[in-house]
Structure formats: C-alpha cells, structure tokens
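Data block below; observations after.
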Amino acid sequence: AMRRLPYFCRGEVVKGFGRGSKELGIPTANFSEQVVESFPSDISTGVYYGWACVGNGDVHKMVLSIGWNPFYKNIKKSVETHIIDTFKGDFYGEILSIVILGYIRSEKNFTSLEALISAIQEDIEEAKRQLDLPEHLKLKEDNFFRLPECKPVNH
Ligand code: ADP
Ligand code: MG
C-alpha cells in the first residue's frame, strides 16, 4: 500500500469520463490531471478511506479509488473520491480537500455490475468502521480542513 499515510491533498473537481458512477448511486469526484500527477509515484492503486470536504463545508467520510484511466489507454492514473453523504447537486469546479488514512484493497476486475456495486458497498462499510476509530476520528478535526487557503503539507 502507500507508505506515506496520512496523505493530504487539495484540488479542483473536474468532469470525469462519464463511466456512469452517478447512475450506480456512487458518484466519484475526480481530481484534475495536475493534482493526480502531484501524487507520489509509489502510491499503490486500489481503494482507500479517509476524510473529505468540499470548499469550506463539513468534513465527511470518504472512499477513494486510485486507478488506471481507460480513457487515456491506461497510461494515466485517476483519483476519484466518493463522499459518503448525499449532496443536493454537483460540485464541479469546487475545491475538494482530502486526507487519505488507510488502504482497503487493490484494484479488481468484476464479472458483473452487481458484483462491482456490492464490492463498493463493502468498501464503504469498511471505511465507516475504520473512520470511527479514535486515531482516525481525530484527523476529522485537522486544521487542514479549516484553512482552505493553506497548501497541504506531507511529511
Ligand atoms: P464524472 O464522470 O464527471 O466524475 P460521476 O458520475 O462520477 O461523474 O459524478 C461525480 C460528480 O457528482 C462529482 O464531481 C460531484 O460534482 C457530484 N457529486 C454529488 N454527490 C457526490 C458524492 N457524494 N461524492 C462525490 N461526488 C458527488
Ligand atoms: Mg467520477
């Protein structure tokens, strides 16, 4: 998995490539290519959990997928955040702040849409459990989320 957790990241939400995540009931906010390229190159693909906040809004639990972008013939990574809450509308163009705290699983191929959806539902349940642990809950209050102008600092 990733050596440098927690990992803080902030960037603009852009249009994805319309794989229909929203239609599956699991919309994923995509980071711009620039943000993706700023990620450490040794980061493993797969599913992670952490905290996320849109603009200066509330901090929510999230699951994050880091994977290969089929649109670019799998030569570019995509980083997509599903915030575990319901929003009134889209927030394209807004600044998404996230902190990645842990790894759930590697990327998988699924034989059916039903299998994919149920795997993601399990990821979400795992993320919820993990994030209730005191060591993870404390990051929800991190100053990073209250200082939207400040650049993420990763050690
Ligand atoms: P795209 O292919 O453009 O990423 P998606 O179907 O993945 O389209 O939907 C993602 C968009 O849905 C996000 O960019 C955001 O504007 C909106 N959205 C609404 N609710 C959520 C949520 N809970 N988590 C992530 N994105 C959400
Ligand atoms: Mg998406």
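The values are calculated or read from the model by the stated rules, or taken from the named source; none is laboratory data. Keep in mind that what you see is a predicted model, and the values were worked out from it rather than measured. Glycine also receives a Cβ, built like all others from the backbone with ideal geometry; neighbour counts cover every protein chain displayed. Surface accessibility is based on the protein's heavy atoms, side chains included, excluding ligands, DNA and RNA. Shrake-Rupley method; radii C 1.70, N 1.55, O 1.52, S 1.80 Å.
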Taking into account only those residues within segment 71-86 that are exposed (fewer than 14 other Cβ atoms within 10 Å of the Cβ) and touching a residue at least 40 places away in the same chain (Cβ under 8 Å), which is nearest to the chain's Cα centre (by Cα)? Lys76
Which number in (1) surrounded by fewer than 19 Cβ atoms within 10 Å (Cβ to Cβ); (2) within 13 Å of ligand 1 (Cβ to nearest atom) marks the one condition that Asn56 misses? (2)
Write out, first by first residue and then by second, each pair whose Cβ atoms fall under 6 Å of each other, whose residues are 6+ apart or on separate chains, and whose first residue, in segment 32-46, is within 14 Å of Thr81 (Cα to Cα) while the second is open to solvent by less than 70 Å² (accessible area, probe 1.4 Å) and at pLDDT below 90. Val36/Lys77
Restricted to segment 64-76, and to residues that are in contact with a Phe, Trp or Tyr (Cβ under 9 Å, 6 or more places away or on another chain) and part of a loop (DSSP other than H, G, I, E, B), which residue is farthest from ligand 2 (Cβ to nearest atom)? Ile75
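Condition check ((1) part of a loop (DSSP other than H, G, I, E, B); (2) closer than 16 Å to Leu139 by Cβ) across all residues:
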site: Arg4; (1), (2): yes, yes
site: Phe39; (1), (2): yes, no
site: Gly50; (1), (2): no, yes
site: Met62; (1), (2): no, yes
site: Ser78; (1), (2): no, no
site: Phe87; (1), (2): yes, no
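Of the residues that sit in segment 89-100 and are part of a loop (DSSP other than H, G, I, E, B) and open to solvent by 70 Å² or more (accessible area, probe 1.4 Å), which one is farthest from ligand 1 (Cβ to nearest atom)?
Taking the candidates together, the pick is Glu94.
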Val13 versus (1) within 8 Å of ligand 1 (Cβ to nearest atom); (2) at pLDDT below 95; (3) not in a loop (DSSP other than H, G, I, E, B): which is the lone unmet condition? (2)
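Considering each residue of segment 101-114, count those that are without any contact (Cβ under 8 Å) to a residue 12 or more places away in the chain and either surrounded by 12 or more Cβ atoms within 10 Å (Cβ to Cβ) or within 22 Å of Ile43 (Cβ to Cβ) (or both), and give that number.
Residues of segment 101-114 without any contact (Cβ under 8 Å) to a residue 12 or more places away in the chain: 108-112, 114.
Okay, now just the ones that are also either surrounded by 12 or more Cβ atoms within 10 Å (Cβ to Cβ) or within 22 Å of Ile43 (Cβ to Cβ) (or both), so 108-110.
Within segment 101-114, residues that are without any contact (Cβ under 8 Å) to a residue 12 or more places away in the chain and either surrounded by 12 or more Cβ atoms within 10 Å (Cβ to Cβ) or within 22 Å of Ile43 (Cβ to Cβ) (or both) number 3.
Filtering segment 131-152 down to residues that are assigned to a helix (DSSP H, G or I) and among the hydrophobic types (A, V, I, L, M, F, W, C), which residue is most open to solvent (accessible area, probe 1.4 Å)? Give the steps one after another, and end with the answer.
Of all residues in segment 131-152, those assigned to a helix (DSSP H, G or I) come to 131, 134-141, 143-145.
After this cut, where a residue has to be among the hydrophobic types (A, V, I, L, M, F, W, C) as well, the list is 131, 137, 139, 144-145.
On the way: Leu131: 0, Leu137: 72, Leu139: 23, Phe144: 12, Phe145: 4 Å².
Checking each candidate, the answer is Leu137.
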Would you confirm whether any residue within segment 118-130 is assigned to a helix (DSSP H, G or I), under 13 Å from Gly50 (Cβ atoms) and in contact with a helix residue (DSSP H, G or I) (Cβ under 7 Å, 6 or more places away or on another chain)? yes
